[in-house]
Every structure is written in C-alpha cells, then in structure tokens.
Ligand code: ADP
C-alpha cells in the first residue's frame with residue numbers, strides 16, 4: 001500500500017523548518033535551518049527573501065531525503081509563517097526589490113504617527129481589527145515604495161507584487177504563477193478589511209499601495225497551487241500565520257477555546273466565533289481561520305515579558321543557572337507567597353497600556369529568600385495571562401472553556417498549576433507542543449480529505465491536565481494583591 005505523508009513548512013523569524021507527518025498525524029522528523037538576521041540600523045530588522053526561500057526548500061528536500069520519501073507519497077503541504085514580515089518583488093524577474101522588512105522593524109513609526117494624526121485610528125480598528133503600529137505590513141510596503149528607487153512607478157505600472165512570507169513562498173513554489181495568501185495572513189497587513197473580507201480602499205489610498213500588487217486572499221484550507229517535485233505535483237492546501245496556526249494546532253475550533261504560548265513573551269489567542277469582536281481593552285481582533293466556507297475570528301493579546309522574566313532571574317540576578325531550577329525552588333515555598341514580582345521591565349501592555357510603568361518587587365520581609373522571588377516570578381506569568389484572558393472575556397462576553405498551552409516555559413509544572421488555580425480553569429498541556437506546525441499540517445490534511453476537524457480534536461493526546469484547586473476567596477485575595485502591585489508600578493518613569 002502506498003504511504004501518505006503531509007509536510008508542514010514552518011517559516012519562522014529565526015529559522016526555516018520542515019516537518020514530516022504520517023497519516024495518523026504523528027511527527028516523524030524535523031529539519032531546521034537558521035538564517036541571517038540583518039540589522040542595518042537601530043530598530044531595523046531585515047531578512048534576505050532569497051535566503052528565506054532557499055532555506056525553506058533546503059530543509060524540505062533534506063527532510064524527505066533523510067526519510068527516503070518519494071514525491072508521490074507526499075499528499076499535501078501546509079505552510080505556517082512569521083507574520084507581518086513584508087516582501088515586495090518584481091513579477092517579471094522574480095527578484096525582491098528590497099530585503100524582507102521583519103515584523104519587529106520599527107522604521108515606519110513616523111508613517112504610523114502620520115496615520116494617527118490623520119484621524120485613521122477608529123477606521124483602522126473597525127476595519128482591520130488592529131491598532132496603528134509599525135508591526136503590521138501596510139506601512140512597511142509604503143516605506144519600500146517610497147525609498148527604493150523607481151519602485152513607486154513600477155508598482156503603479158503593475159510590475160511589483162507584495163506578499164507576506166507565505167505568499168512569497170507559494171509564488172515561487174508554484175513556478176511564479178499563484179499570487180495568493182490566506183485570511184489569517186491578510187488580517188495582519190493593516191490594509192485588509194476583516195469584516196467584509198476585502199482589501200480596504202481607504203487605507204490603500206492613504207498608503208499609496210496599488211491594488212495590482214496584492215495577493216488574492218483565500219481560506220486557510222484551500223488548494224493554493226502545486227509544488228512540482230521530480231515531476232509530481234504536490235498540492236499546497238493549508239496556510240496560516242504562526243499564532244493562528246498554533247491556535248488551530250491546539251484544536252481551538254470553538255468559541256471560548258484559547259491557547260497561550262509561553263515563550264520569551266506570551267502570545268494568547270481566543271476563538272471568538274463567526275463575528276469579529278472589537279476590544280475595549282486594546283486587544284487585537286484577527287481572523288483565526290477560514291474553513292468550510294466560514295470565517296472564524298479571534299482576540300489576540302500578548303505579554304512582553306514572560307519567559308524573559310525567568311531569564312532575568314538567571315542572567316540578571318544570577319539566582320539560578322537554568323530556567324528549569326525555578327520549578328523546585330518555587331515548590332519549596334510553603335503556603336501562599338507574600339512576594340509579588342511585576343515584570344514591567346518595558347512598561348505595561350494589555351490591558352493596562354502604561355509605557356511609564358517599570359518593574360517592581362512587593363511584599364519583601366526579613367525572611368524573603370530566593371525561592372520566594374523565583375515563585376513570584378513564575379506566578380507573574382500566570383497573573384499576566386489572567387489579566388489578558390479577563391479582558392478577552394470582558395470584550396467578547398464569552399467564558400473561557402479551558403486554556404491550551406505550548407511554548408518553552410509551559411514545561412514548568414509550577415507555572416501551569418498556578419495558572420489553573422488563578423484562572424479557575426483547566427490548563428491542558430498536549431504531548432506534542434509543536435502546535436504551529438501541527439496547525440499548518442491539519443489545515444492541509446483537512447483540505448485533501450485526509451482528516452476531519454473532529455478527529456483532530458479527539459486524537460490529541462494530553463501530557464497533563466492541570467485542574468484548579470483554589471477556592472474563590474483565596475483566588476480573589478491573591479489576584480487582588482496582584483492588581484494592587486500592578487497599580488503601584490504605574491507611572492514610575494517621569495513623563
Ligand atoms: P521563544 O520561542 O520566545 O524563543 P521558547 O518557547 O523557546 O521561547 O521558550 C523559552 C523561554 O521560556 C525562555 O525565556 C526561558 O526562560 C523560558 N523557559 C524555558 N524553560 C523553562 C522552565 N522549565 N521554567 C520556566 N521558564 C522556562
């Protein structure tokens with residue numbers, strides 16, 4: 001019997017990865033290659049689009065060679081990618097006119113300022129679900145058209161194409177025929193109307209972006225085109241931006257289901273159903289996925305300092321040698337922790353939005369030791385997550401069903417148990433925490449009829465489910481103290 005495999009391409013910010021899955025959805029192999037980060041000036045971050053493409057195709061080819069897979073055994077390809085990163089290229093030569101401007105790049109702050117001063121804030125929020133920020137693609141496209149010689153004229157003549165990384169990969173993988181993206185990636189561009197599912201004329205006009213540059217936008221499970229390998233056409237049938245792919249990979253298919261990725265920072269997304277919910281708390285509204293003729297929306301919030309606070313314990317305070325040690329240290333504290341760490345090292349994000357806040361430690365007494373500090377630092381990840389989830393519930397009126405977790409710091413049982421306790425919600429840690437790649441693979445597999453959404457939900461083995469154990473009074477007392485600590489960090493820096 002012929003074997004069937006799915007390949008997930010995970011094009012991230014620092015590396016390109018390819019994952020091989022069998023038809024049971026088990027990961028059989030991963031190949032990864034890092035690529036160059038280019039920092040031409042302070043606040044600028046670029047990648048070489050050709051290196052992105054070559055590294056991605058390189059790991060693909062290495063993976064199938066290593067596992068001795070024939071092209072005809074690969075039934076579909078799913079792509080997930082770093083979001084918002086912007087590439088503009090010449091449709092005739094295939095050459096990028098400039099490096100990829102990466103999501104982290106801040107060079108377009110003044111364009112954003114101009115947008116805000118021109119009164120576009122409300123329009124941007126209601127149309128794109130986003131806030132005006134250099135993070136998103138729109139102002140990066142304008143920067144390229146304004147600064148690369150001849151680019152504007154070429155764009156107006158229809159000679160240039162824009163794409164997020166998924167688009168760039170697909171266009172190249174389909175022999176330069178399919179200029180296409182999916183809803184999740186389009187929803188991060190600052191020029192896409194997530195309500196009416198079309199590019200927004202007002203924003204395109206303001207930024208001077210001709211429509212001819214833009215990719216077609218399709219559902220996340222869709223036949224985007226074929227990648228020809230050794231004479232075999234392999235369909236590309238799944239695309240989603242990395243955070244949305246992780247949400248899908250965590251099988252958050254229903255309203256009220258949410259995932260949190262605990263990395264350097266935290267990225268949280270909650271499925272809010274088929275109508276967009278616009279936040280009163282500064283959260284982003286985004287498309288979670290387009291599937292089976294419907295579009296599902298999500299609220300998105302991020303925490304700047306999460307695992308980074310654990311790094312501070314290790315590198316700043318030198319209290320530990322390895323992040324893992326924090327778990328036993330925190331477990332050694334008996335009873336409630338009187339110490340609170342608010343890691344507002346770079347101000348406070350959602351839902352507080354105070355860039356003048358700075359970090360602080362509260363509740364020190366003569367017997368405070370490093371275990372208290374470690375425990376308080378771990379707890380700060382859980383408290384910050386609760387702040388955002390509360391904002392999401394408040395915005396959407398939807399109650400969180402359970403929290404599905406991934407990312408490096410989700411390995412820490414102390415954080416996870418405290419997370420369940422303080423949220424009063426189960427925390428589900430799956431066996432496979434490759435949620436991003438799994439999401440892309442699931443989308444691709446669903447489109448070719450290999451899998452069904454329902455099967456995926458049922459066949460995700462759990463590593464551990466953390467159940468809440470605090471009573472209401474205790475939870476309220478501890479969270480109340482956290483809120484008090486946060487209040488006292490606000491406005492620390494002089495304006
Ligand atoms: P990123 O993708 O943002 O680089 P990762 O998902 O690799 O992050 O997670 C790494 C972060 O998680 C680091 O900030 C590290 O301090 C933290 N971390 C990793 N393992 C643990 C652990 N066992 N306990 C607490 N924090 C951890």
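The values are calculated or read from the model by the stated rules, or taken from the named source; none is laboratory data. Source: prediction; values computed, not measured. Because the Cβ atoms are built from the backbone with ideal geometry, glycine has one as well, and the counts that use them run over all protein chains shown.
List of remarks:
- Search result, residues across region 100-134 that are out of contact with any strand residue (DSSP E or B) (no Cβ under 9 Å at 6 or more places or on another chain), crowded, with 17+ Cβ neighbours inside 10 Å and part of a helix (DSSP H, G or I): 111, 112, 115, 124
- Scanning region 414-469 for residues being more than 25 Å from residue 8 (Cα to Cα) and assigned to a strand (DSSP E or B) gives a total of 4.
- Which listed residue, of 357, 376, 346, is under 21 Å from the mean Cα position of the chain (by Cα) and in contact (Cβ under 8 Å) with a residue 24 or more places away in the chain: 346
- Residues of region 454-473 satisfying the condition of being out of contact with any strand residue (DSSP E or B) (no Cβ under 7 Å at 6 or more places or on another chain), without any contact (Cβ under 8 Å) to a residue 40 or more places away in the chain and surrounded by 13 or more Cβ atoms within 10 Å (Cβ to Cβ): 455
- Options 473, 427, 432, 486; residue that is within 16 Å of the ligand (Cβ to nearest atom) and at pLDDT 95 or above: 427
- Test result for residue 303, within 16 Å of the ligand (Cβ to nearest atom), in contact with a helix residue (DSSP H, G or I) (Cβ under 6 Å, 6 or more places away or on another chain), closer than 16 Å to residue 485 by Cβ and touching a residue at least 40 places away in the same chain (Cβ under 8 Å): yes
- Restricting attention to region 427-445, the residues that are crowded, with 24+ Cβ neighbours inside 10 Å and more than 17 Å from residue 240 (Cα to Cα) total 1.
- Some residue of region 370-388 being within 16 Å of the ligand (Cβ to nearest atom) and at positive phi: no
- Of the strands (runs of 3 or more DSSP E) lying entirely inside region 252-357, the ones with 1 or more residues being over 21 Å from residue 426 (Cα atoms) are found at 284-291, 294-303, 340-342.
- Restricting region 161-186 to residues that are assigned to a loop (DSSP other than H, G, I, E, B) and touching a strand residue (DSSP E or B) at 6+ places or on another chain (Cβ under 9 Å), the residue that is farthest from residue 92 (Cα to Cα) is 164.
- In region 248-263, the residues that are within 16 Å of the ligand (Cβ to nearest atom) and buried (at least 18 other Cβ atoms within 10 Å of the Cβ): 249, 250, 259, 260, 261, 262
- Some residue of region 68-80 being touching a helix residue (DSSP H, G or I) at 6+ places or on another chain (Cβ under 7 Å) and under 30 Å from residue 108 (Cβ atoms): yes
- Within region 389-411, the set of residues being outside any helix (DSSP H, G or I), modelled with pLDDT under 95 and within 12 Å of the ligand (Cβ to nearest atom) comprises 406, 407.
- Residue check, residue 335 on the phi > 0 side of the Ramachandran plot, without any contact (Cβ under 8 Å) to a residue 12 or more places away in the chain and more than 16 Å from the ligand (Cβ to nearest atom): yes
- Pair list, Cβ under 6 Å, 6 or more apart: region 412-423 residue more than 10 Å from the ligand (Cβ to nearest atom), other residue assigned to a helix (DSSP H, G or I): 418/379; 418/382; 419/382; 422/382; 422/386; 423/386
- Test result for residue 297, more than 11 Å from residue 184 (Cα to Cα) and more than 16 Å from the ligand (Cβ to nearest atom): no
- Which listed residue is in contact with a strand residue (DSSP E or B) (Cβ under 9 Å, 6 or more places away or on another chain), closer than 22 Å to residue 184 by Cα and either without any contact (Cβ under 8 Å) to a residue 40 or more places away in the chain or within 16 Å of the ligand (Cβ to nearest atom) (or both), from 271, 281: 271
- Residue in region 441-453 that is more than 20 Å from the chain's Cα centre (by Cα) and either free of Cβ contacts under 8 Å to residues at least 40 places away in the same chain or within 16 Å of the ligand (Cβ to nearest atom) (or both) present: yes
- Checked across region 311-326, the condition of being on the phi < 0 side of the Ramachandran plot and away from the ligand (no atom under 14 Å from the Cβ) holds for no residue.
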